[in-house]
Amino acid sequence: MEKSIKNCRISWIDFGKGFTIFLVVVAHTFSGIYTNNIYSDGFNTVIEVLGESLFLFIMPVFFSLSGYLYKAPRTFHEYVIMLKKKAWNLLIPYVVFSIIYVLMNQIGGKSSEYTWRSLLHIYAMPISYLWFLYILFFIFVLVGALSLIRISINYQICGYLLAFIA
């Protein structure tokens, strides 16, 4: 008998990713509150500290949970299949939500930070907070390529730390 997809999932990882996404929404809501000075200075400061504290850890935790089940490709064919899946799951939403973000920016009319022309450059300059989808995809590209050419995980970690420090 074939296992169902539901039985193959690890519930605490699903919960963790869902919860970190919820915390991203909360942090952005707090950011909107203190940026627009909706409440008194004292309460605004509390909201700002809470929001900025959330921003310190939510994306690293989400990235860690996303990579927890990562299986390194053993062949070039597996690598290509993985990249196709990741492109479908990360790059398609990246493009779609970039279009929606620019559309909402243009309809709102308050900010001209992103224009329709900005969409032509999303391959190099991500739109606003959507950077995390773009970066997560390229993390899978890099780690997959390094695993494929058999760079040991210890050397990879040293390289990532050096790149981070530089």
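Please treat every number below as a calculation from the coordinates, not as lab data. Computed from a prediction, not measured in an experiment: that's the story for all the values here. Ideal geometry is used to build each Cβ from the backbone, glycine not excepted, and the neighbour counts take in all protein chains shown.
Annotations for the structure displayed:
- Highest mobility in the GNM of the chain, judged by mean-square fluctuation with C-alpha springs under 10 Å and restricted to I151, I135, I13, is found for I151.
- Each helix, a run of at least 4 DSSP H residues, gives -39500 (n - 2.57); summed and divided by the residues of the chain, these come to -23500 deg cm²/dmol at 222 nm.
- Volume per residue that the Cα convex hull of segment 46-101 spans, once the total is divided by residue count, Å³: 90
- Qualifying trypsin sites (Lys or Arg not before Pro) in segment 87-166, where qualification requires a DSSP coil assignment and no more than 14 other C-beta atoms within 10 Å, comprise K110, R150.
- R0 of 35 Å, Cβ-Cβ distance F138-E48: FRET efficiency to nearest 0.05: 0.70
- Result for the chain in a Gaussian network model with C-alpha springs under 10 Å: among I153, I122, I139, the largest mean-square fluctuation is at I153.
- Cβ-placed point charges (K, R +1; D, E -1), dipole of the chain about Cα centre in debye, nearest 20: 800
- Calculated FRET efficiency for the pair Y129/K71, C-beta based, R₀ 30 Å, to 0.05: 0.60
- Sorted from greatest to least, the principal axis extents spanned by the alpha carbons of the chain come out as 56, 46, 37 Å.
- DSSP-assigned coil residues among chymotrypsin sites (Phe, Trp or Tyr not before Pro) in segment 43-120, each with at most 15 further Cβ atoms within 10 Å: Y70
- With Rh defined as the Kirkwood radius, the inverse of the mean 1/r over Cα pairs, the Rg/Rh of segment 1-77 is 1.22.
- What the Cα convex hull of segment 72-142 gives, in volume per residue, is 76 Å³.
- Helical segments meeting 20 Å axial Cα length and Kyte-Doolittle 1.6 threshold in the chain (DSSP H): 131-148
- Difference of contour (0.36 nm per residue) and Cα-Cα distance, S40 to F63: 4.8 nm
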